[in-house]
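Trainee: Structure in structure tokens, see below.
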Amino acid sequence: RSNYQLPQFVPGSEATNSGKEGKRAEQTLSRSEAMNTTKVAVVGSGIAGAVCASTLARNGVSVTLFESARGPGGRMSQRREVVEDEKELLFDHGAPFFNANKTEVLGLVREWESKGLVACWKEKFGFFDRISNKFFDLEQEGLISKRYVGMPGMNSICRALCQEPGVESKFGASVGRLEWLEDENLWSLIGSDGQNLGQFKGVVATDKNLVSPRFTSVTGRQPPLDLNLVPELAVKLNAIPVRPCFALMIAFSEPVSSIPFKGFSIKSSEVLSWAHCDSSKPGRSTSSERWVLHSTMEYAQSVIAQTGLQKLSNATLTKVAEELFQEFQSMGLNIPHAFFKKAHRWGSAFPAASVAGDEKCLWDKNKRLAICGDFCVSPNVEGAIASGIAAASKLTEILSCL
């Protein structure tokens with residue numbers, strides 16, 4: 001994480017300073033005041049946007065975060081479902097956990113751990129070979145790394161960061177257009193409903209769909225950011241390949257005792273790639289046993305080829321849920337009856353390429369525009385965190401010079 005901190009000016013200290021030191025303190029104060037009135041817009045409240053907004057705010061920058069969804073998290077969001085007897089079921093249906101090996105990321109994660117926002121998930125993991133229908137232990141293969149989860153849900157980290165001092169979060173606020181005002185040297189943000197969302201000295205875009213042609217195929221509208229404004233970045237952003245995925249959330253009244261691991265990848269299946277027991281994570285309710293399954297990319301692509309990227313019908317989602325569950329049952333694992341099953345589509349959430357290299361974010365210095373996310377570093381939570389830190393560092397450095 002950037003260690004840049006604004007020096008604090010202590011009123012009254014000028015009496016003990018020489019004239020030069022007093023002048024320097026006044027300059028420090030004016031710079032601090034300027035930074036606090038500097039407005040930056042962060043678009044998207046996934047982990048990259050939340051980390052970036054929080055880091056900017058800690059360095060004295062006034063941040064407004066815009067999120068089209070009702071709450072924060074992006075792919076780290078937590079799904080809440082209520083079943084017939086009013087029982088509440090919670091699922092981490094996107095990223096099941098994350099690792100922290102990069103120095104700057106590990107520093108942040110340790111801070112979150114000290115605040116109770118994350119914990120280590122210490123269950124055993126393995127993989128299942130669909131051909132032999134056998135499990136293999138990852139620890140025996142030497143493939144173990146600390147796995148962190150948000151507490152009490154994966155979205156808890158983003159939620160806490162979006163509430164930090166200096167961050168004003170606006171949920172249900174969809175950005176329809178980002179306009180560069182050449183004369184004012186500012187960005188103007190317009191909502192998808194045409195409402196003026198404000199003017200900003202800098203912008204951080206954390207959602208690749210802001211610039212992606214996929215935005216048009218889903219909404220029928222032009223992407224919010226015109227790439228002609230940033231031609232050098234446009235080349236890298238034009239078509240980031242993605243890996244679509246379906247997640248199946250299932251709940252059982254009794255434990256699935258036939259499975260020796262709480263998380264495992266699935267090899268040689270055309271339908272399933274991953275399964276984990278969500279209720280085995282620390283801080284989760286154990287009133288029912290809840291599992292999340294992820295489909296293979298190929299399976300998801302075959303469904304999308306038939307349906308397109310528009311919102312799926314309930315009939316299609318029910319069919320997908322049944323097909324994923326049938327594959328789970330056919331693995332010879334003695335799976336009990338599930339009292340709840342529901343599928344969710346991640347259409348373009350998982351990137352299949354990294355576009356920023358060592359810079360860790362895309363950056364236009366003249367327009368003070370940073371684009372960050374896992375698609376800039378590596379297609380996982382740690383990559384998104386590292387990219388958010390990098391974007392905040394770029395903006396903090398240039399705004400301190402204005």
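Trainee: Report whether or not E359 is modelled with pLDDT of 95 or more and either more than 30 Å from N228 (Cβ to Cβ) or open to solvent by less than 10 Å² (accessible area, probe 1.4 Å) (or both).
Mentor: Details: modelled with pLDDT of 95 or more: yes; either more than 30 Å from N228 (Cβ to Cβ) or open to solvent by less than 10 Å² (accessible area, probe 1.4 Å) (or both): no.
Against the criterion (modelled with pLDDT of 95 or more and either more than 30 Å from N228 (Cβ to Cβ) or open to solvent by less than 10 Å² (accessible area, probe 1.4 Å) (or both)), E359 does not qualify.
Trainee: Scan the range 253-262 and give yes if some residue there is in contact (Cβ under 8 Å) with a residue 60 or more places away in the chain, assigned by the TED database to the domain that holds C361 and open to solvent by less than 60 Å² (accessible area, probe 1.4 Å), otherwise no.
Mentor: no
Trainee: Looking for something of a type in the set (K, R) and surrounded by 22 or more Cβ atoms within 10 Å (Cβ to Cβ) - is there at least one such residue anywhere in the range 389-398? So that I can check it myself, show each step before the final result.
Mentor: Applying the first criterion (of a type in the set (K, R)) to the range 389-398 yields 394.
Next, only the ones that are surrounded by 22 or more Cβ atoms within 10 Å (Cβ to Cβ) stay: 394.
Among the residues of the range 389-398, at least one is of a type in the set (K, R) and surrounded by 22 or more Cβ atoms within 10 Å (Cβ to Cβ), which makes the answer yes.
Trainee: Identify all residues within the range 199-226 that are at pLDDT 85 or above and either out of contact with any strand residue (DSSP E or B) (no Cβ under 6 Å at 6 or more places or on another chain) or buried (at least 16 other Cβ atoms within 10 Å of the Cβ) (or both); write none if there are none.
Mentor: Selection gives F200, K201, G202, V203, V204, A205, T206, P223, P224, L225, D226.
Trainee: Follow-up. Picking from N155, N133, which residue would you name as being of a type in the set (S, T, N, Q) and either exposed (fewer than 15 other Cβ atoms within 10 Å of the Cβ) or within 26 Å of K267 (Cα to Cα) (or both)? Steps first, please.
Mentor: Values: N155 fails: either exposed (fewer than 15 other Cβ atoms within 10 Å of the Cβ) or within 26 Å of K267 (Cα to Cα) (or both).
Answer to the selection: N133.
Trainee: Among the numbered conditions (1) within 30 Å of E88 (Cα to Cα); (2) without any contact (Cβ under 8 Å) to a residue 24 or more places away in the chain; (3) within 22 Å of the chain's Cα centre (by Cα), tell me where A315 comes up short.
Mentor: Every condition holds for A315 apart from (3).
Trainee: Need the failing condition index for F246 against (1) in contact (Cβ under 8 Å) with a residue 60 or more places away in the chain; (2) under 19 Å from K367 (Cβ atoms); (3) in a strand (DSSP E or B), just the number.
Mentor: Going through the list (1) in contact (Cβ under 8 Å) with a residue 60 or more places away in the chain; (2) under 19 Å from K367 (Cβ atoms); (3) in a strand (DSSP E or B), F246 breaks only (2).
Trainee: S114 is checked against (1) at pLDDT below 95; (2) farther than 21 Å from K208 by Cβ and fails just one. What number does that condition carry?
Mentor: Among (1) at pLDDT below 95; (2) farther than 21 Å from K208 by Cβ, S114 violates only (1).
Trainee: Continuing with this model, one more query. Would you pick out the residues in the range 356-393 that are part of a loop (DSSP other than H, G, I, E, B) and under 22 Å from S62 (Cβ atoms)? Before the answer, list the steps.
Mentor: Pass one, the range 356-393, residues part of a loop (DSSP other than H, G, I, E, B): 356, 360-361, 365-368, 372-373, 377-380.
The answer is C361, K365, N366, K367, R368, C372.
Trainee: Tally the residues that are assigned to a loop (DSSP other than H, G, I, E, B) and surrounded by 15 or more Cβ atoms within 10 Å (Cβ to Cβ), restricting the search to the range 110-122. Before you say what the answer is, go through the steps one by one.
Mentor: Within the range 110-122, the first condition is being assigned to a loop (DSSP other than H, G, I, E, B), and the residues that meet it are 115-117, 121-122.
With the extra rule that they be surrounded by 15 or more Cβ atoms within 10 Å (Cβ to Cβ), the set shrinks to 117, 121.
Within the range 110-122, residues that are assigned to a loop (DSSP other than H, G, I, E, B) and surrounded by 15 or more Cβ atoms within 10 Å (Cβ to Cβ) number 2.
Trainee: In addition: Would you call N185 open to solvent by 30 Å² or more (accessible area, probe 1.4 Å), on the phi > 0 side of the Ramachandran plot and in contact with a Leu (Cβ under 9 Å, 6 or more places away or on another chain)?
Mentor: Numbers: open to solvent by 30 Å² or more (accessible area, probe 1.4 Å): yes; on the phi > 0 side of the Ramachandran plot: yes; in contact with a Leu (Cβ under 9 Å, 6 or more places away or on another chain): no.
The answer is no for N185.
Trainee: Taking L161, is it under 30 Å from A100 (Cα atoms) and modelled with pLDDT under 85? Steps first, answer last, please.
Mentor: On the way: under 30 Å from A100 (Cα atoms): yes; modelled with pLDDT under 85: no.
In short, no.
Trainee: Related question: Restricting to the range 175-196, name every residue that is over 12 Å from L229 (Cβ atoms), in contact with a Ser or Thr (Cβ under 8 Å, 6 or more places away or on another chain) and not β-branched (V, I, T).
Mentor: G176, G191, S192, D193, N196
Trainee: Follow-up question, since we're still on this one. List, please: which pairs have Cβ atoms under 8 Å, are six or more places apart or on different chains, and start with a residue in the range 171-196 that is outside the structural domain of R70 (by the TED database) and end with one that is modelled with pLDDT of 95 or more and loosely packed, with under 14 Cβ neighbours inside 10 Å?
Mentor: none
Trainee: Checking the condition farther than 23 Å from N133 by Cβ, open to solvent by less than 60 Å² (accessible area, probe 1.4 Å) and either in contact with a helix residue (DSSP H, G or I) (Cβ under 6 Å, 6 or more places away or on another chain) or assigned to a helix (DSSP H, G or I) (or both), which residue from L312, L324, L317 passes?
Mentor: Numbers: L312 fails: either in contact with a helix residue (DSSP H, G or I) (Cβ under 6 Å, 6 or more places away or on another chain) or assigned to a helix (DSSP H, G or I) (or both); L324 fails: farther than 23 Å from N133 by Cβ.
It is L317.
Trainee: Now, a different point. What tally of residues in the range 274-296 results from selecting those that are open to solvent by 20 Å² or more (accessible area, probe 1.4 Å), closer than 15 Å to P96 by Cα and either in contact with a Cys (Cβ under 8 Å, 6 or more places away or on another chain) or in a loop (DSSP other than H, G, I, E, B) (or both)? So that I can check it myself, show each step before the final result.
Mentor: In the first step, residues of the range 274-296 are kept if they are open to solvent by 20 Å² or more (accessible area, probe 1.4 Å); the result is 274, 280, 282-287, 289.
Checking the rest, the ones that are also closer than 15 Å to P96 by Cα come to 274, 280, 282-284.
Retained after the next criterion (residues that are either in contact with a Cys (Cβ under 8 Å, 6 or more places away or on another chain) or in a loop (DSSP other than H, G, I, E, B) (or both)): 282-284.
The total comes to 3.
Trainee: Moving to a separate point now. Among the residues of the range 327-343, how many are touching a helix residue (DSSP H, G or I) at 6+ places or on another chain (Cβ under 9 Å), in a strand (DSSP E or B) and under 14 Å from R290 (Cβ atoms)?
Mentor: Here the count works out to 3.
Trainee: Further question on the same structure: Take L233 and tell me if it is open to solvent by less than 30 Å² (accessible area, probe 1.4 Å) and part of a helix (DSSP H, G or I). It would help to see each step written out before you state the result.
Mentor: On the way: open to solvent by less than 30 Å² (accessible area, probe 1.4 Å): yes; part of a helix (DSSP H, G or I): yes.
For L233, the condition - open to solvent by less than 30 Å² (accessible area, probe 1.4 Å) and part of a helix (DSSP H, G or I) - is met.
Trainee: Answer with yes or no whether R70 is at pLDDT 95 or above and either over 30 Å from I250 (Cα atoms) or outside the structural domain of C277 (by the TED database) (or both). Working first, answer last.
Mentor: Details: at pLDDT 95 or above: no; either over 30 Å from I250 (Cα atoms) or outside the structural domain of C277 (by the TED database) (or both): yes.
For R70, the condition - at pLDDT 95 or above and either over 30 Å from I250 (Cα atoms) or outside the structural domain of C277 (by the TED database) (or both) - is not met.
The values are calculated or read from the model by the stated rules, or taken from the named source; none is laboratory data. What you see is a predicted model; the values in this text were computed from it and never measured. So basically every Cβ, Gly included, is an ideal-geometry build from the backbone, and we count neighbours across all protein chains shown. These accessible areas exclude ligands, DNA and RNA; they are computed on the full protein's heavy atoms, side chains included. Shrake-Rupley method; radii C 1.70, N 1.55, O 1.52, S 1.80 Å.
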